[in-house]
1. Note down all Cβ pairs under 6 Å where the first residue falls in the stretch 90-111 and is closer than 23 Å to residue 123 by Cβ and of a type outside the set (Val, Ile, Thr), the second is at pLDDT below 95 and assigned to a helix (DSSP H, G or I), and they're at least six residues apart or on different chains.
2. Consider the stretch 28-40. How many of its residues are modelled with pLDDT of 75 or more and loosely packed, with under 10 Cβ neighbours inside 10 Å?
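The values are calculated or read from the model by the stated rules, or taken from the named source; none is laboratory data. Everything numeric here is computed off the predicted structure, so don't read it as measured data. Quick reminder, even Gly has a Cβ in these numbers, built from the backbone with ideal geometry, and neighbours come from all protein chains shown.
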Amino acid sequence: MSDRQYSARRPSSATATTGTFLQKLREHAPNSTQLIGFATLIISGGILLTLTGLTLTATVLGIIFFAPLIIISSPIWIPIGVLISVTVAGTLSFLGFGVGTVAVLGWIYRYFRGFHPPGSDRFDYARSRIADTASHVKDYAREYGGYLQSKVKDAAPGA
């Protein structure tokens, strides 16, 4: 193949390849909305990264600057911290138990008013089981009560 023939073919092949590549590139090119969104993402990310760096730097400098004051005054801060944590824990416990008490009292009120709150069917089932067991024990005591009392008198004469 001569150089002339090769060079004649090459531009047509290169042009076809370039045209196909540019066509595919245009098909997948982002529209203006996507470009604005990407630019917003980059700018917002940069601003947040800068603010994170400034916050970290200020925190480290604050610790370095205030460390002597913190160390000197720590005998005051530790008891105050313990007192505050105990107070907060006690208050939250008191409020939690209060909320639980109000919830239970509300459930009991709705149950006795006949509104059938959630779980009342299980409560009724347990109550009927206890009543059935009590009646069975009562029947058993009637039937075998004399036998048991005579055995107790045999075990402890004079009782």
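1. 111/120
2. Residues in the stretch 28-40 being modelled with pLDDT of 75 or more and loosely packed, with under 10 Cβ neighbours inside 10 Å: 3 in total.
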